[in-house]
Amino acid sequence: MFNDKKFKYRMFYLVGVIFVVLLINYFTTNLSTKQIPYNEFLTLLQENKVEKVVLQRDRILIKAKEDTEYANKALYTGNLRDPNLVNILNDAKVEFNADVPNNSPILDIVLTWVIPLFIFMMLGRLIFGRIDKKMGGGVMSFGKNTAKLYAENETGKTFRDVAGQEEAKESLVEIVDFLHNPQKYAEIGAKLPKGALLVGPPGTGKTLLAKAVAGEAKVPFFSMSGSDFVEMFVGMGASRVRDLFRQAEEKAPCIIFIDEIDAIGKSRDGALQGNDEREQTLNQLLSEMDGFDPSKGVVILAATNRPEVLDKALLRPGRFDRRVIVDRPDLKGRESILRVHVKDVKLGDDVDISSLAKATPGAVGADLANIVNEAALGAVKNNRKVVIQEDLEEAVEVIIAGKEKKDRIMSDKEKRTVAFHEVGHALVAAMLNNTDPVHKITIVPRTMGALGYTMQLPTEEKYLVSKEEMIDQITVMLGGRAAEEVEFNMISTGASNDIERATQTARSMVTIYGMTDRFDMMALESISNRYLDGRPVQNCSAETAAMIDNETLSIIKTCHEKAIEILKENKELLIKISEFLIDKETLTGEEFMNMINEYREKNNLPRIGKEENHKDTKVEPTVIEEEPIKPITD
Ligand code: ADP
Ligand code: MG
Ligand code: ZN
């Protein structure tokens, strides 16, 4: 880790200092402080082994001659104030004086003051440095933000660590390239989006992806969680946002990652009395995002699993205008995620990853990582050297069973129903003229409790919707139920959401957009407080209200019949695609259109040219999501 590297460096330094001090001590003790008895001193004098003597107040320092065993040693003995000593020294022809050239005073000061002080300073820095790093901002910088600075080798993640999120990775590659080489973009004048919002259910790898972007781009990674901004005193959140951006600008190119952004980014008009602190923080974030210069190479990533509660201002162009969907993995995705995680585990020969992937529909990356770890723990518990299939299957049961209660896994029959339902939506969308191309069909739930969904992606941004388009939209919404009727001749509760949305669209055609002959261009409803997602208010008589209901019903009936007609005509295709979907769990728009056109060519029908346009990432996808089946008795 980054901190540890610094810590190690400091440790080496400290050990070096201590070594030098010891060395000095060793020499000083060995050179100057060998005590000998007085009579031995007299013997040395008699034997003519002394070169020089210095008389001090209470010691006599003796320098022995070079050719004696005491050469290089500073000897001393107690000063007995022997009155005969001067005569003896004279007789022995020894150089002597009573001067007091103590140890050099400078050395003294160094030894007793400078070195200990130095050591303490080092120790102090070491300790405070550690605390500093632990507290993120630092003891001395109270109020600065707690963004942890991760160097490249710290996130240590690359796109290879993120499995099964190919679409998400694809849309982040451009950001990586931009961070590698901001000048290239600046020279041409291309502006990259300032921010991208990673959207998806918990545990699908959003945090992991953000780290992987930093790792791939080899840039510093500032990460902060939305709740970090709001936990402290009033005004703290805003100042943290400010500091975070200042620090990031210094380190550019870099990535700022705001995890769980919904904690600060909640829509401001939701509640009557707002949360002042949160609003301040959000406003600061918005103004920082507007203020900084993107050509410097600061990219802001944020993650949320509740995009619907985010303030619209955050999603405006120039802010988080790019959305990266990090979805629950399908069969293939789950398999590759499992493969990433079993890499660090010793596996037995009987392990079958693809069958595990099949057994874990609805599981996200975090669940799968957990399953592998749980299995490894199980193997240890059973004294095995490798993880065998049984361990993994047991772990699947432990992990999935816990979730199953909340998030019950579909039975085969339900899976079939949902598959036909989704293909019903998609097929109707493909056969109609005024609809958006299908982007994805899946029976992997998108949010907790949902069953599956069909996503359409418009080819361009639209501001006006024609009457024909609205009619076709309603038909697509009713296509799900229609498919169930056509195939199973049976009705399930799975379409409640579709019905509600279809009814609402049909109703507004009548009451708001003046699209019926009967009411012509008469406004029958008005929306109070248009900017705050207000609810429509009816302003008409009771009879008119009844007529509105009739008109709405007739639109829905027509659309329903149309959907049934389309699906009956294409029943063979409906079955073929549905079976394929049951197998694969997810179909891309391309795969879907290929299947249709293959079938049409075989039957000598003209191709349908509804090609997708992947380039424009700004358009909002339409998602027809299936509500869970809610039994009425509950
Ligand atoms: P999120 O932020 O979406 O809630 P995380 O990124 O925190 O999810 O994921 C938690 C853990 O689950 C990761 O550290 C990783 O081990 C595992 N994980 C999740 N998604 C994936 C994936 N697509 N590929 C590999 N591992 C994954
Ligand atoms: Mg996360
Ligand atoms: Zn539906």
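Once you have the Cα-Cα distance between Glu543 and Ala313, take 0.36 nm times their residue separation minus that, and quote the gain in nm to one decimal.
So the chain would gain 78.7 nm between Glu543 and Ala313.
For the full complex of protein chains and a 1.4 angstrom probe, list Leu451, Leu22 by accessible area with the highest value first.
These residues rank, largest area first, as Leu22, Leu451.
Using a 1.4 Å probe on the protein heavy atoms, what percent of the accessible area of segment 154-213 belongs to carbon and sulfur?
C and S atoms contribute 50 percent here.
In square angstrom, what is the accessible area per residue of segment 412-625 with a 1.4 angstrom probe?
Ligands and nucleic acids excluded, the figure is 52 Å² per residue.
Can you sort Met595, Met509 by 1.4 Å-probe accessible area, starting with the largest?
Order by accessible area, largest first: Met595, Met509.
Could you rank the peptides 516-526, 582-592 by their average count of other C-beta atoms within 10 Å per residue, with the highest value first?
582-592, 516-526
With a 1.4 Å probe and all protein chains kept in place, how do Arg316, Arg334 rank by accessible area, largest first?
Descending accessible area places them as Arg316, Arg334.
The values are calculated or read from the model by the stated rules, or taken from the named source; none is laboratory data. As the structure is a computational prediction, the values presented were derived from the model and not from experiment. FYI the Cβ positions are ideal-geometry reconstructions off the backbone, even for glycines, and counts take in every protein chain you see. Only protein heavy atoms, including side chains, enter the accessible area calculation; ligands, DNA and RNA are left aside. Shrake-Rupley method; radii C 1.70, N 1.55, O 1.52, S 1.80 Å.
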